[in-house]
Amino acid sequence: MALETRHATKLVPSYSLTGDLLSYLRCGLQYRYQNGSALPPSRPVQLWFGEFIHGVMEAAYRLWTDGMADFSKPWPCSMTEWDARKSPDPTRLVHDIGVIGEKIEMSLANQGKRPRNRNVRTAAYRRAEVAINLVGKHLFPLVTLAEEPLRGARLIPNAMGLRADRYELTGVADVLSHIKVNECPTSNPFRQALQLACTALPEQYEVVVDYKGAHRPNSDSPYWQQGEWQVHTYAWLRNRKDPPVKVAAGILIYINELSPGNDDIVNLKRGLADGTTDEAPLTAEERGRLDRWRPGNDTENLLSLEYRWRRAVRVVPATPEAIARATTEFDDVVRNIESLIAEEGRAGNIGQVWRPNCKDRSTCDACDFRTFCPQQAGWTKPRVPSAPEAP
């Protein structure tokens, strides 16, 4: 009996939309060390914060859908203080945001992800509180699928000489249904934002949602464009699952804008000064308070709730043309990564192939590889790292 020749195994590399593609766009060299060499950051500040907010919101949504709590009154937030974390109060309610957050903290700690200090942790709980009591109150009733896993395969353009000709793309997003959006009160801020940004919504549609543990980027920031690409790619992935209706828009929720800190107000003032923010203050009085504000002053009572909502919620219409542009952009990112992987295999040297391209100083400040980085954010000229002096 003739036996068929066994075909060689075909490699299909998997890329996470946030963990791989957006990380590479943030800094190629950092991405190579952390993802290619499995060197996790020793101080994963932004990673911890983002995953903490996502985890708290998902856990709160599960409690709400199970009938364990409602929004007839604000959910309490009794955070265990930094020095008393080993002895939390056992009498707290199951939907206390302190209880929810500490479970998420423990889960992240088991993955080696911890807050850098007490200030970061306190800020995370403060923002988790407003995320649940403000965002959750209006968003949870609209959610059809929470933390829905999304995946699909795409061809790598110009893949000659690369290790693969296609790749798997993965992501996670909440999905809203037109039925629940249309049934909710007209005062719902998400319904209002959708109707304002999308004037020609079809009769039936879906909306993908993602939370950002960050402020609203200004239009000159690469994160502004990348946010659009992200929700458009989520739309492509969701549409591939062939739901009965298609995604008409994406919503990005910038949690920091609901409880801004010093850095968030500094970013807003810079955007107002150079005209790169798309959401200006609603009144002259509010603009005056912003103009008089200085770092270190109060931020919690600086802006009206209506203005904070407008800055927190960004609706991105998902047209077929926009989805095609976004997925093409990420195809090119994957091709760049795969080309560098092939080039590194030939050169045998990481530093000669993977170059730093970070423009965000805070990312460089928290990077474990900054001491031997040839060009950090803000440097006008690259440098050749020297060997340390002997003691």
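The values are calculated or read from the model by the stated rules, or taken from the named source; none is laboratory data. Remember, it's a predicted structure, so these values are computed and weren't measured experimentally. Here the Cβ positions follow ideal geometry from the backbone for every residue, glycine too, while neighbour counts run over all protein chains shown. Heads up: the accessible areas ignore ligands, DNA and RNA and are worked out on the full protein's heavy atoms, side chains in. Shrake-Rupley method; radii C 1.70, N 1.55, O 1.52, S 1.80 Å.
Taking the alpha-carbon set of the stretch 58-217, what are its Rg and Dmax in Å?
Expressed in Å, the Cα Rg and Dmax of the stretch 58-217 come to 19.7, 62.
If each Cα of the stretch 182-284 is one equal point scatterer, what is log10 of I(q)/I(0) from the Debye formula at q = 0.10 Å⁻¹?
-0.35
At most 15 other C-beta atoms within 10 Å and a DSSP loop state: those are the exposed GluC sites (Glu not before Pro) I care about. Give me the longest piece of the chain that has none.
82-202
Counting only heavy atoms of the protein chains, get the accessible area per residue of the stretch 220-309 (1.4 Å probe) and round it to a whole Å² value. Intermediate results must be reported in sequence, preceding the final value.
Details: 4000 Å² over 90 residues.
For the stretch 220-309, the per-residue accessible area is 44 Å².
What does the charge dipole of the stretch 154-302 about its Cα centre add up to, to the nearest 20 debye, if the Cβ of each Lys and Arg holds +1 and the Cβ of each Asp and Glu holds -1? Let's see the in-between values first.
Details: 17 positive and 21 negative charges, 84 e Å.
Computed charge dipole of the stretch 154-302: roughly 400 debye.
If you take every DSSP beta bridge whose two residues both sit in the chain, what share of them, in percent to the nearest 5, is antiparallel? Let's see the in-between values first.
Working: 19 of 29 bridges.
Counting DSSP beta bridges with both partners in the chain, the antiparallel share is about 65 percent.
Once label points are set 7 Å from the Cα along Cα→Cβ at both Thr276 and Gln204, what is their separation, rounded to one decimal in nm?
Going from the Thr276 label point to the Gln204 one covers 4.3 nm.
Please compute the per residue accessible area over the stretch 333-374 with all protein chains in place, 1.4 Å probe, rounded to a whole number of Å².
Values: 2240 Å² over 42 residues.
Result: 53 Å² of accessible area for each residue.
Could you list the residues of the stretch 131-156 with an amide nitrogen less than 14 Å from a label point located 7 Å from the Cα of Val12 in the Cα-to-C-beta direction?
Only 151-156 pass the distance filter.
Work out the length of the dipole vector of the chain about its Cα centre, built from +1 on the beta-carbon of each Lys and Arg and -1 on the beta-carbon of each Asp and Glu, and round it to the nearest 20 debye. Before the final figure, lay out the partial values.
Details: 50 positive and 48 negative charges, 148 e Å.
It works out to roughly 720 debye.
In whole percent, how big is the carbon plus sulfur part of the accessible area of the chain, probe 1.4 Å, protein atoms only?
Values: 10560 of 20360 Å².
For the chain, the apolar C and S fraction of the accessible surface comes to 52 percent.
Among the listed pairs Lys180/Lys241; Lys103/Lys241; Lys73/Lys180, which have their C-alpha atoms separated by more than 27 angstrom in this model? Intermediate results must be reported in sequence, preceding the final value.
Values: Lys180/Lys241 20 Å; Lys103/Lys241 32 Å; Lys73/Lys180 22 Å.
Going by Cα-Cα distance, Lys103/Lys241 fall outside the 27 Å limit.
Mind pulling the per residue volume of the convex hull built on the Cα atoms of the stretch 287-391? Å³ is fine. Intermediate values should be presented prior to the final figure.
Working: hull volume 22.6 nm³, N = 105.
So the per-residue hull volume is 215 Å³.
Over the stretch 118-206, with a single point scatterer placed on each C-alpha, what log10 of the ratio I(q)/I(0) does the Debye formula yield at q = 0.16, 0.24 1/Å?
Those come out to -0.83, -1.18, one per q.
If you line up the Cα atoms of the chain on their principal axes, what length do they span on each, largest first, in Å?
Sorted from largest, the Cα extents of the chain read 69, 68, 49 Å.
List the Cys residues of the chain that have no partner Cys with a C-beta closer than 4.7 Å.
Cys77, Cys184, Cys198, Cys364, Cys367, Cys373
Please go through the stretch 222-295 and write out the trypsin sites (Lys or Arg not before Pro) that DSSP classes as loop and that have at most 12 other C-beta atoms within 10 Å. Don't skip to the end; give the middle numbers.
Working: sites: Arg238, Arg240, Lys241, Lys246, Lys269, Arg270, Arg287, Arg289, Arg292; in loops: Lys241, Lys246.
Counting only loop positions with at most 12 other Cβ atoms within 10 Å, the trypsin sites (Lys or Arg not before Pro) in the stretch 222-295 are Lys241.
How large is the dipole of the stretch 136-235 about the Cα centre if only Lys and Arg carry +1 and Asp and Glu carry -1, each at its Cβ, rounded to the nearest 20 debye? Before the final figure, lay out each step's value.
Numbers: 9 positive and 11 negative charges, 29 e Å.
Taking the Cα centre of the stretch 136-235 as origin, the dipole is about 140 debye.
Any idea what log10 I(q)/I(0) is at q = 0.17, 0.19, 0.25 Å⁻¹ for the stretch 87-170, Debye with uniform C-alpha scatterers and no solvent?
Once normalised to I(0) and log-transformed, intensities are -0.89, -0.99, -1.27.
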